[in-house]
Amino acid sequence: MRPSRLFPGWLIGFGLMTVPLLLVGQSELLATVMAGIPVLKTTAIGFVLWEVWLLMVGISLLQVPQQRLAPKV
């Protein structure tokens, strides 16, 4: 996304913000196998923020002028 310049920087940053929440939330899965791992319930928050990010990506792509998306012939 970064080299394409179709997306604003804040949108890329918002998407990157959701990654740690989803990764830390995987402790729920590890706790099923390893009993001593503390469970941090951030998966739901990260997933909702990720869905919001996906909607914002779709809306921003709809706002890009067609001339920027058309292949050069």
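Every read-out reported here was derived from the displayed coordinates using simple, explicitly stated rules and does not represent laboratory data. Here the structure is a predicted model, which means the values were calculated and not measured.
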* What is the gain in length, in nm to one decimal, between Ala44 and Arg5 on full extension, counting 0.36 nm per residue of separation less the C-alpha to C-alpha distance? -> 11.0 nm
* Asked: For the chain, what is the largest minus smallest coordinate of the Cα atoms on each principal axis, given in angstrom and ordered from greatest to least?
  -> 59, 21, 16
* Structure fact -> Helix 43-62: inclination vs the chain longest Cα principal axis, degrees, rounded to 10, gives 0 degrees
* Asked: Pairing the Cα long axis of helix 9-25 with the longest principal axis of the chain, what angle in degrees results, from 0 to 90 and rounded to the nearest 10?
  -> 20 degrees
